[in-house]
Amino acid sequence: MDEKIIDIDMKGAPACGRCFMLVAGYAPQVTTTAATYHRECFEAWYFGRHGKRPRLVPGHSGARHRFMVREAGELAA
Ligand SMILES: [Zn+2]
């Protein structure tokens with residue numbers, strides 16, 4: 001039963017914008033207006049680009065593993 005649920009989750013899973021592997025619905029992840037990333041991938045990318053760690057805001061209850069970026073404007077820079 002559990003395996004079936006995971007299968008369904010992965011079918012709708014987006015691909016990470018950095019490593020292009022699927023981001024499981026229950027995995028720590030960062031969503032931006034443009035894409036979804038694994039949290040680790042996003043932090044590595046952001047640090048390489050900006051030289052500092054991103055300020056991530058956890059989602060609401062039930063989605064606390066889904067983070068948003070506080071300073072979204074820097075993503076486009
Ligand atoms: Zn990734």
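No value in this document is a laboratory result; all are computed from the given coordinates. Predicted model, so just to flag it, every value in this text is computed and none were measured.
Determine ³J(HN,Hα), in whole Hz, for all residues of the stretch 27-38 in sequence, where each value follows from phi through the Karplus function 6.51 cos²θ - 1.76 cosθ + 1.60 and θ = phi - 60°; x replaces Gly and Pro.
7, x, 8, 10, 10, 10, 5, 9, 7, 10, 10, 5
Using each residue's phi in the stretch 43-52, evaluate 6.51 cos²θ - 1.76 cosθ + 1.60 at θ = phi - 60° and report the 3J(HN,Hα) Karplus result to the nearest Hz, with x for Gly and Pro.
5, 5, 5, 5, 5, x, 8, 10, x, 8
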